[in-house]
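S.K.: Sending over a structure as structure tokens; questions will come in a sec.
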């Protein structure tokens, strides 16, 4: 036993004598590398830009692919600038006959809009085996034999790689892929409404796919060469120019052009990945992206880690030279005009639990961290002005804090089709408003988000066009303006409203029973119980009984789409910084029930719908602002949601991590960041000195416990021997 | 819980029996019948006497009884009268509360805003407090209930706690002495000894029953109760959780959940396990084959996965029949019961296999061979001869399984397929505490409270099970 | 011997069919193919047409058990049950609902699970047997009693506490080992120390107790008394006779769990971020990817049955008196 512990200790010492820190989760040889360390909680489902539509996937592929446009890193409000494009797209309005119209023409006359996008010349793809050619000039790996495949387990097992220049055809090819039946692109539905010819292409591809499937008899490895299909609305004009023709006027299109859906896709890659042998080995585009971006995915083991390395072929891109006011003072322009990216390698490790992430951040093994609500107190002091500031222990470590209100809403909706809570009668409105006053979102934010959020006054989050600040922005049905800030109306007012709605003191006058309402939620995390208790308390203020039906997310979706929910909780994250993206959540024809849209409350107010139809296609300006104000007022009056809150993102970073500015719209910001690896190594060393006395103490205690036993045994044996 | 002052008395209640309550009552009856039966048969009484002579077992038994009392009190549910309608009928509240809730009402009602440490008078984190003049100050807000009696002098807290502890100990001491004397008198009356003589022999440990241990354990429990009576009513002795609920209350409420899982699971599986196990061993042939097939199949499915699938299925059934289970409490209760059934299904196979082996051996015994040749019916042989002879195996397994099931609840809640998230249980407390461990300063009390109480229950149950096994398993008793 | 093993293997087939039927019906009651499709398609813009398409692509558009549109055998083979469950028998796990090849994933994730499980088993066995021998040697003394009670104490603590406490103290307070993570090769050693240590401490209570019982049973046998009477020292008795004979129940008890080591530990793996089969299963449960869960259930059952057969065989190997019949 003793020797085993001794061995244990010595092995421990041996294993870690290389560097001073025993708890370093990375190889000690890497400690001075220019590598950024981060974590991911859930393995990404799709890395194919035609399929991927969630932020945890975008943190990878936004750095790998280059759509035509991107958001300016520093400027606010968010501004689109060219990325792979050589300039901003040029839009031309056409009438039915295809005649060009003036740019200020009435919306109703516009039959089509045509966007012309020019891309930069000389952009090269990342090195990839799909481009590799043999001596004869044929693609080396496009007709793989079983023998060639024998030793292939990952993409890195292909010896030869090559690259080629990016062309406009690649962009056209990717837009065609949105209609591919096998990919089920999440934006096919919405894009079919706009891009000319996309629905027709989807039908053609469907038919061709079925035929190919029947002919081959297998499911795997069916390859449709999309170059042979025509998409009427999207054409490559020359090697570096392509056009997108859409129905009517849709100014929001350019926001879509910064999303990976509109990245270039080389047909070589598709042909390469379509080979049955690779499909069988899980080597697919969904797993190994091929892009022109600053980084390329080199290790893809989502069970453990994902590693991105600098793309050696990346085009010349430079750090922005101008920013918002104050950016220069914050040191964000130190690197202005330098070639990006700065960081060589990005290492994402899988972390299922939040605690290890936070602790490893404190130990210096992650360079940046969001703050989970529970470690908030350690990091943040809220000053007397209500601003967040770092605690002393954080400041000592040189950690800095950044905050930004997110362009998202967590709201609680009423099902407007519900006979009890829904409807547009005065009494139903009053009932909903009474609840809106009673549910104290300020308290919710302070308990469950540590004050990281702002209670919403309407459907629009701050940072979007049409959001109003200050007194004129408050929701007059729930708040009063007092002492220079919004103050929730008193509970008495809520009770009065409840009485007027026909439920004096929360009782149904006919039966004399308490009013019972149902809340549907998919909230089942470890914190769910306390949150749900809190919700019950809120309704209890009005003497309404809240019956919580928590289910898994699937069942919740079911309930939402068949309209059997009464009150529900949901959230929405802006796709692009335009008010249309939030207002359409309340647009009648976009209802969840029957129409399968995103309007989960099934709110359908003709006035609101009419205003929306006009507002959505307008360019920003006073006229649009007036319409938005009107729409917000209509919605507030009907109160189909408790507007909920807009979360505030807090992020912490260590002193060695530079050029950090929260940008809630852009996902490709890693290329701007810079690291001071030497400083990091030094701090890690200092913060993680192993505490060894417990080991020695344990050894000592063990000896003290065992020794008497051994002695007594000796004596016993000896005694026995003596007797004999 | 809104208690409207309407001049109605607390006893004007409507019983509201949950499904698990019914089963607990059934279990009580079974236990009562069993005890009565055991009292009348010397060969059954003997092992029990053996158990009660062991000091550790005796004190475990008393602590377990204390736990059981809490659990039972918490299993009597009713709805309180809220108001009297003009036509004389009484309207009852929608929430059913238990007798235990009624007893510890202050604990249930005194909820703070969020975390506060044990015995604290302030919240655990600073908040913006609005002063009278409208300005804001950032400080630790005073608790609404914790230490409220101290009014403006929270600094008097230590003095207050000290004096309360002394009072509590003093009162407990008196009670303990009284109980000791009563016990001594009772013991003395049985043996016609005087009080002094009886006390003396109790102290010296004469006789079989370990009186000293009994009194020490009782004293331990009484002191704990007395301390909590004096302290828990004015402080949150285990602090409060994220939404300000008293952790002491949550811990006590968790006892019922733990006990229900530990006992009802075995109760629901026992009939199947016993019947099938004995049938397989007794009849042999194809019956044996079928039963063996069933239990091998069931036990070869990884149990966690089977539980996950079954729990999700129950969830679907509940979701599809919202009318049958109208309140959250009922739904949580049905889920708890379902969890018991599912755990029962996965855990009966071991018992079944043992019983089959034992019956196989027994059926070859002379007296059963003789009974068979006399033409005694199979049913009679099974009930009269085999069943009583395998009961000790059943008993041993039941007590051993108990603690394992209590522990399993916590793990299942972590995986997300345990009891309903709205149900108070140790598993849910631990699950929530995972996040609290990362807070700084660390919120340790929820985890610690769940740990201590769970450990106490499981440890006593294990010690008791150990004694039961020694007493009933003759093979081991000899060693 | 060979015919015996073959017969046992034949016996396993109906059991596996039963397992398959149970899991199949459980999971398809829980989740209709529509639900699976919606789960996989994500949050935004999911249309009924997309769901139908997804089902068709993943083979969930067939009838559950019987296809009346087809004749003959096809009526049974062109069903979800046939394509999704029966194929498991030839260890063709198919692809997950996400579209990944399950066999490939299992082969990859098996190793981290084993990296934790094998050291835990071996070192645990060593520690448990050593402690149990100590207790048996000091039987009846205060050491024995304290040891037994300490064992019961250790059993009474939930595994969750060991993990939470271990991580907090060893990693956060004392910086002795990384909090979580995994890497292959020798450098992965530092990640394994804590999970293995926790597994050993968590199992030492029940293990020691169990082995102590076995040793005590053996110590009271006549041949031991004879040996002792012949003047063999107590240590000699323990090692030469008791341990040797107790190896039979110990070995057979170990053999039965060896195949299940592959399945990994659900709790440890997800707390420590180890990419083994245990966390694979948990992830699949959370993501409701039932293709994976079905495959894991099947794999678990197969391994369990292999364990049973191995036990029977090992009985006969160590104790020739037991004849295979």
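S.K.: One residue is enough: does region B:144-154 have a residue meeting the conditions modelled with pLDDT of 80 or more and part of a strand (DSSP E or B)?
M.R.: The answer is no, given that none of the residues of region B:144-154 is modelled with pLDDT of 80 or more and part of a strand (DSSP E or B).
S.K.: Still on this model: Inspect region B:238-259 for any residue being in contact with a helix residue (DSSP H, G or I) (Cβ under 6 Å, 6 or more places away or on another chain), in a helix (DSSP H, G or I), without any contact (Cβ under 8 Å) to a residue 60 or more places away in the chain and more than 14 Å from every other protein chain (Cβ to nearest Cβ) and give the result as yes or no.
M.R.: No: region B:238-259 contains no residue that is in contact with a helix residue (DSSP H, G or I) (Cβ under 6 Å, 6 or more places away or on another chain), in a helix (DSSP H, G or I), without any contact (Cβ under 8 Å) to a residue 60 or more places away in the chain and more than 14 Å from every other protein chain (Cβ to nearest Cβ).
S.K.: Within region C:222-241, can one find any residue that is more than 12 Å from chain A (Cβ to nearest Cβ), under 30 Å from residue C:55 (Cα atoms) and either assigned to a helix (DSSP H, G or I) or at pLDDT below 85 (or both)?
M.R.: The answer is no, given that none of the residues of region C:222-241 is more than 12 Å from chain A (Cβ to nearest Cβ), under 30 Å from residue C:55 (Cα atoms) and either assigned to a helix (DSSP H, G or I) or at pLDDT below 85 (or both).
S.K.: Right, another one. For region A:515-553, how many residues are within 7 Å of chain B (Cβ to nearest Cβ), modelled with pLDDT of 80 or more and within 26 Å of the chain's Cα centre (by Cα)?
M.R.: Result for region A:515-553: 1.
S.K.: Inspect region C:126-138 for any residue being more than 10 Å from every other protein chain (Cβ to nearest Cβ), over 30 Å from residue C:185 (Cβ atoms) and at pLDDT below 85 and give the result as yes or no.
M.R.: No: region C:126-138 contains no residue that is more than 10 Å from every other protein chain (Cβ to nearest Cβ), over 30 Å from residue C:185 (Cβ atoms) and at pLDDT below 85.
S.K.: Restricting attention to region B:291-306, which residues are without any contact (Cβ under 8 Å) to a residue 24 or more places away in the chain and more than 7 Å from chain C (Cβ to nearest Cβ)?
M.R.: Hit for region B:291-306 is B:294, nothing else.
S.K.: Any idea which residue in region A:692-724 is surrounded by the fewest Cβ atoms within 10 Å (Cβ to Cβ), counting only those that are over 16 Å from residue C:236 (Cα atoms), at pLDDT below 80 and at the interface with another protein chain (Cβ under 8 Å from one of its Cβ atoms)?
M.R.: In this case the residue turns out to be A:724.
S.K.: If you go through region C:266-286, how many residues are more than 10 Å from every other protein chain (Cβ to nearest Cβ) and surrounded by fewer than 24 Cβ atoms within 10 Å (Cβ to Cβ)?
M.R.: Counting residues in region C:266-286 that are more than 10 Å from every other protein chain (Cβ to nearest Cβ) and surrounded by fewer than 24 Cβ atoms within 10 Å (Cβ to Cβ) gives 0.
S.K.: Considering only region A:31-61, how many residues are touching a helix residue (DSSP H, G or I) at 6+ places or on another chain (Cβ under 6 Å) and closer than 21 Å to residue A:341 by Cα?
M.R.: Qualifying residue count, region A:31-61: 5.
S.K.: Can you find even one residue in region A:409-418 that is more than 12 Å from chain B (Cβ to nearest Cβ), part of a helix (DSSP H, G or I), modelled with pLDDT of 85 or more and over 30 Å from residue A:26 (Cβ atoms)?
M.R.: Within region A:409-418 (the criterion being more than 12 Å from chain B (Cβ to nearest Cβ), part of a helix (DSSP H, G or I), modelled with pLDDT of 85 or more and over 30 Å from residue A:26 (Cβ atoms)), the answer is no, since none of the residues qualifies.
S.K.: Another question, then. Any chance you could count how many residues in region C:162-171 are surrounded by 21 or more Cβ atoms within 10 Å (Cβ to Cβ) and at the interface with another protein chain (Cβ under 7 Å from one of its Cβ atoms)?
M.R.: The qualifying residues number 1.
S.K.: Continuing with the same structure: So is residue C:156 modelled with pLDDT of 85 or more, within 13 Å of chain B (Cβ to nearest Cβ) and in contact with a helix residue (DSSP H, G or I) (Cβ under 7 Å, 6 or more places away or on another chain) or not?
M.R.: The answer is yes for residue C:156.
S.K.: Identify, by number, the condition in (1) in a loop (DSSP other than H, G, I, E, B); (2) closer than 30 Å to residue B:89 by Cβ; (3) more than 7 Å from every other protein chain (Cβ to nearest Cβ) that residue A:512 doesn't meet.
M.R.: Exception for residue A:512: condition (3).
S.K.: Further, regarding this structure: In region B:451-461, what residues are at the interface with another protein chain (Cβ under 9 Å from one of its Cβ atoms) and more than 14 Å from residue B:259 (Cα to Cα)?
M.R.: B:451
S.K.: Could you look through region A:317-343, keep only residues that are surrounded by fewer than 15 Cβ atoms within 10 Å (Cβ to Cβ) and either within 14 Å of chain B (Cβ to nearest Cβ) or touching a residue at least 24 places away in the same chain (Cβ under 8 Å) (or both), and pick out the one that is nearest to residue A:83 (Cα to Cα)?
M.R.: A:322
S.K.: Just to be sure I understand, how many residues within region C:175-188 are facing another protein chain (nearest Cβ under 7 Å) and surrounded by fewer than 18 Cβ atoms within 10 Å (Cβ to Cβ)?
M.R.: So the answer is 1.
S.K.: Additional query: Please state which of the following conditions residue A:401 fails to meet, knowing it meets all the rest: (1) in contact (Cβ under 8 Å) with a residue 60 or more places away in the chain; (2) under 25 Å from residue A:537 (Cβ atoms).
M.R.: Unmet for residue A:401, out of (1) in contact (Cβ under 8 Å) with a residue 60 or more places away in the chain; (2) under 25 Å from residue A:537 (Cβ atoms): (2).
S.K.: Could you tell me whether region B:343-362 includes any residue that is at pLDDT below 85 and out of contact with any helix residue (DSSP H, G or I) (no Cβ under 9 Å at 6 or more places or on another chain)?
M.R.: no
S.K.: Being without any contact (Cβ under 8 Å) to a residue 24 or more places away in the chain and within 30 Å of residue A:312 (Cα to Cα), is that true of even one residue in region A:701-708?
M.R.: no
S.K.: In addition: So is residue C:289 within 14 Å of chain A (Cβ to nearest Cβ), in contact (Cβ under 8 Å) with a residue 60 or more places away in the chain, under 25 Å from residue B:300 (Cβ atoms) and out of contact with any helix residue (DSSP H, G or I) (no Cβ under 6 Å at 6 or more places or on another chain) or not?
M.R.: yes
S.K.: Looking at region B:411-427, which of its residues are touching a residue at least 60 places away in the same chain (Cβ under 8 Å), assigned to a helix (DSSP H, G or I) and within 7 Å of another protein chain (Cβ to nearest Cβ)?
M.R.: Answer for region B:411-427, where residues must be touching a residue at least 60 places away in the same chain (Cβ under 8 Å), assigned to a helix (DSSP H, G or I) and within 7 Å of another protein chain (Cβ to nearest Cβ): just B:415.
S.K.: Follow-up question, since we're still on this one. Within region C:206-217, which residues are facing another protein chain (nearest Cβ under 10 Å) and either crowded, with 21+ Cβ neighbours inside 10 Å or over 26 Å from the mean Cα position of the chain (by Cα) (or both)?
M.R.: C:209, C:216, C:217
S.K.: Considering only region A:296-314, I want to know if a residue exists there that is surrounded by fewer than 19 Cβ atoms within 10 Å (Cβ to Cβ) and assigned to a helix (DSSP H, G or I).
M.R.: No, that holds for no residue.
S.K.: Evaluate the following for residue A:556: is it within 12 Å of chain B (Cβ to nearest Cβ) and within 30 Å of residue A:255 (Cβ to Cβ)?
M.R.: The answer is yes for residue A:556.
S.K.: With respect to residue A:259, is the statement that it is modelled with pLDDT of 90 or more, touching a strand residue (DSSP E or B) at 6+ places or on another chain (Cβ under 8 Å) and either closer than 21 Å to residue A:188 by Cα or not assigned by TED's automatic domain parsing to the domain that holds residue A:138 (or both) true?
M.R.: no
S.K.: Would it be correct to say that residue A:244 is crowded, with 21+ Cβ neighbours inside 10 Å, under 19 Å from residue A:114 (Cβ atoms) and not assigned by TED's automatic domain parsing to the domain that holds residue A:579?
M.R.: For residue A:244, the condition - crowded, with 21+ Cβ neighbours inside 10 Å, under 19 Å from residue A:114 (Cβ atoms) and not assigned by TED's automatic domain parsing to the domain that holds residue A:579 - is met.
The values are calculated or read from the model by the stated rules, or taken from the named source; none is laboratory data. Everything numeric here is computed off the predicted structure, so don't read it as measured data. Reconstructed Cβ throughout: ideal geometry from the backbone, glycine too, with neighbour counts over all protein chains shown.
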